[in-house]
Amino acid sequence: MTRPAIDDRDARFRLGIIGHGMWPSTYLIPGARQLDDVDVVAVCGRDSARASEFADAHGIPRSHDSIDRMLTVEDLDGVIIATPPRQHEEAVRAVSGFRVAALCEKPLALDVDSARRIRDLLAGRPALTGFTLRWQPLFRALRGVISEGAAGQLRHVRIRYVQSSAATPARGWGWHFDAADEPLGVVSDLGPHAVDLVRWMLGDVTQVTAFARTTISERTDPESGRVRRVTNHDDADLHLSVESGATASLTISRVAPDAGVPGAIMIEVLADEGWIRVDSNEADVVIGTASGIQRRPVPAMSLLDGAGSQIRDFVRVSRGEHVEGLPSIEDGFRAQLVMDAVARSLDAGESVLVRR
């Protein structure tokens, strides 16, 4: 049994990572290493050899192939679950037997029932959902401008979340193109982030109309060399209605043309006294009202600029602090309710209500 959340604010925070893929390598571990009082002491993965190689590559002292064993022997303060989504519930179930804080990457699960079980298993302990965009400095600045009423009452939000990572067949087949791992493809992957931004800015979603397509239907498996069929979507448009009466439209794609940057998130907020606009590749929040155009500079732009803040807030929550505006496990569950409505809308070819 690991120790409970620590009370000594000066103590070092012992962090374990469950999963050893791209995200821990490029975001979570660099974020943790921005903090002087956080030690990544262990990594866990099903493949012991790969977990060991990952630990060696990142200077992590120990690796494990069992979550139970890692939590039993490492005396951790917190864990981050960064496995593929269909493995989240299994990992959470293991973590639930120990008194340790948890951050579970999005989406919590691939269906509502599993997300509900995850929520219930993590009840009563410090826990967050990894909606990374909430820590991106540009979007934090945007939400601040919205909260101060700079353009008045919100009416509509347009979000374009596009990547060129799979814009051509040169991107080989992988689990992101398999409906068993991502039932809705890019909607399962990037959609929860966009939905959370809508909920963060506007409130709970009540109704969904969804359209999705597969633009590149076959890709070559780099391991076997054989051509495999893509069984999910790589491009989608969603229309959301919100409790307040506002609406949102989302364009989500991983096959956008390559514009020389890895991707972009563009948000336009329409309100009754003007508009607000941000682009993740630009360093300003732009506000348009009857008084003219105003630009508010945001010094940090990269997604990685929010990594240290995300780990810092996880540590603070683990230590019992209340930090306003962080994505709870309940937020992860409610985003999954919207994703369920997206799936039902695609199946039915019509608008559907979000179940509660």
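The values are calculated or read from the model by the stated rules, or taken from the named source; none is laboratory data. Since we're looking at a predicted model, the values are computed, not measured. Virtual Cβ from ideal backbone geometry, glycine too; neighbours counted across all protein chains shown.
Tabulated results
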| read-out | value |
| --- | --- |
| Test result for D68, surrounded by fewer than 16 Cβ atoms within 10 Å (Cβ to Cβ), in contact with a helix residue (DSSP H, G or I) (Cβ under 7 Å, 6 or more places away or on another chain) and not assigned by TED's automatic domain parsing to the domain that holds M339 | yes |
| Flag if D347 is surrounded by fewer than 17 Cβ atoms within 10 Å (Cβ to Cβ), in a helix (DSSP H, G or I) and modelled with pLDDT of 95 or more | yes |
| Any hit, the range 158-167, residues being under 14 Å from K106 (Cβ atoms) and touching a residue at least 24 places away in the same chain (Cβ under 8 Å) | yes |
| Scope the range 172-231; condition over 16 Å from the mean Cα position of the chain (by Cα), assigned to a helix (DSSP H, G or I) and within 22 Å of A256 (Cα to Cα); matching residues | W175, F177 |
| Only listed residue being surrounded by 12 or more Cβ atoms within 10 Å (Cβ to Cβ) and modelled with pLDDT under 95, chosen from L270, L303 | L303 |
| Total residues in the range 220-242, condition under 16 Å from A210 (Cβ atoms) and of a type in the set (G, A, S) | 2 |
| Qualifying residues in the range 273-304 (those that are more than 21 Å from A259 (Cβ to Cβ) and among the charged types (D, E, K, R)) - the one farthest from the chain's Cα centre (by Cα) | E273 |
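Residue-by-condition table, conditions (1) of a type in the set (D, E, K, R); (2) modelled with pLDDT under 95; (3) farther than 13 Å from L142 by Cβ; (4) not assigned by TED's automatic domain parsing to the domain that holds A141:
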site	(1), (2), (3), (4)
S280	no, yes, no, no
T289	no, no, yes, no
V298	no, yes, no, no
R316	yes, no, yes, yes
